[in-house]
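Novice: Before we start, here is the structure in question, set down as structure tokens.
The values are calculated or read from the model by the stated rules, or taken from the named source; none is laboratory data. Every value quoted in this text rests on a predicted model; they were computed, and no experiment measured them. Neighbour counts are summed over all protein chains in view; Cβ atoms, including those assigned to glycine, are modelled from backbone coordinates with ideal geometry. Areas reflect the complete protein model, heavy atoms only, side chains present, ligands, DNA and RNA absent. Shrake-Rupley method; radii C 1.70, N 1.55, O 1.52, S 1.80 Å.
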Amino acid sequence: ILKLATLAYSKGFYYKPTIDMQLLFENSKDVIVFSGCYSGFFQQMLLHGEISAAIKIAAEFKEALGEDYYLETQQYPIFLNTIDQFTYVTKHLDIPVVLTCDPHFQTPDQASYQEVLHSIRDRREFDESRIIREGYQWPADELFEAVKTLFPSLEWETIFENVNRIADSCSVEMPTGSVPRFPMSEEDDAKDLLFQLCAEGVKTRGLNTLS
């Protein structure tokens, strides 16, 4: 995954870091792949009635990834718009389903921070109505209960088992408790250097003249 993240910036960058299917398939060893959130192309195909295209793309992923490919669903009511088509594809291709939460921040009170970042990224005015307040890390029991209530037609015991099976199959060790060191002189402080670079970036973009 770390290698793919690097390749997304170095080889696949297109407005944003990007991983296309070829890049993913070439580097898929020991990687488990989900079909994506509601804005992903699989769910968007279902939303627009492109069932044949959705089946084709899911079949390609299954062929390349085998048992490491899952169709993804979440707790948001918007998934009800495509639940019938989603269920059809899972059964037609015999692809297991996994439940995810898709958190963009840790706690509910951090919702506005994400919208601030998006406003900066997209160079637009802050819009409070665009805040996604449900996009935090839901507690597991609340998440499962919400999804079972919304989608009673899905085989939720199996889906919950898939979540645990994926978690049990993942074993990643990364060093913690240390801050990465970037090339700089001995007298420089990382925090001060970051502020300096930010100030230079603001000045370069002419934003220092704004009131």
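Novice: For a quick check of your reading of the model, give me the residue pairs whose first member lies in segment 61-89 and is more than 14 Å from F42 (Cα to Cα), whose second is buried (at least 21 other Cβ atoms within 10 Å of the Cβ), with beta-carbon atoms closer than 6 Å and at least 6 apart or on different chains.
Specialist: As it stands, the answer is Q75/V147, since those pairs meet every condition given.
Novice: If I ask for residues that are within 22 Å of V97 (Cβ to Cβ) and among the aromatic types (F, W, Y), which ones from segment 12-33 would you list? So that I can check it myself, show each step before the final result.
Specialist: The first filter runs over segment 12-33 and keeps only residues within 22 Å of V97 (Cβ to Cβ), leaving 21, 24-25, 28, 30-33.
The one that is within 22 Å of V97 (Cβ to Cβ) and among the aromatic types (F, W, Y): F25.
Novice: Those residues that are among the aliphatic types (A, V, I, L, M) and closer than 14 Å to I78 by Cα, I need them from segment 128-154; list them, please.
Specialist: I132, A146, V147, L150, listed by residue number.
Novice: Also: Restricting the search to segment 8-31, which residues are in contact (Cβ under 8 Å) with a residue 12 or more places away in the chain and basic (K, R)?
Specialist: Once the filter is applied, which keeps residues that are in contact (Cβ under 8 Å) with a residue 12 or more places away in the chain and basic (K, R), segment 8-31 yields only K11.
Novice: Go through segment 168-188 and give me each residue that's assigned to a loop (DSSP other than H, G, I, E, B) and either touching a strand residue (DSSP E or B) at 6+ places or on another chain (Cβ under 6 Å) or at pLDDT 80 or above (or both).
Specialist: C170, S171
Novice: Can you tell which of T176, T209, T149 is more than 24 Å from the chain's Cα centre (by Cα) and open to solvent by 80 Å² or more (accessible area, probe 1.4 Å)?
Specialist: T209
Novice: Tally time: how many residues in segment 112-139 are assigned to a helix (DSSP H, G or I) and either modelled with pLDDT under 85 or in contact with a Phe, Trp or Tyr (Cβ under 6 Å, 6 or more places away or on another chain) (or both)? Walk me through how you get there before you give the answer.
Specialist: Keep residues of segment 112-139 that are assigned to a helix (DSSP H, G or I), which gives 112-122, 128-130.
Applying the additional criterion that residues be either modelled with pLDDT under 85 or in contact with a Phe, Trp or Tyr (Cβ under 6 Å, 6 or more places away or on another chain) (or both) yields 114, 119.
Result for segment 112-139: 2.
Novice: Moving to a separate point now. Whether any residue in segment 62-83 is surrounded by fewer than 16 Cβ atoms within 10 Å (Cβ to Cβ) and among the basic types (K, R) is what I want to check.
Specialist: Within segment 62-83 (the criterion being surrounded by fewer than 16 Cβ atoms within 10 Å (Cβ to Cβ) and among the basic types (K, R)), the answer is no, since none of the residues qualifies.
Novice: Oh, and also: Scan segment 44-63 for residues that are over 23 Å from D102 (Cβ atoms) and touching a Phe, Trp or Tyr at 6+ places or on another chain (Cβ under 8 Å) and jot them down.
Specialist: Correct list: I51 only.
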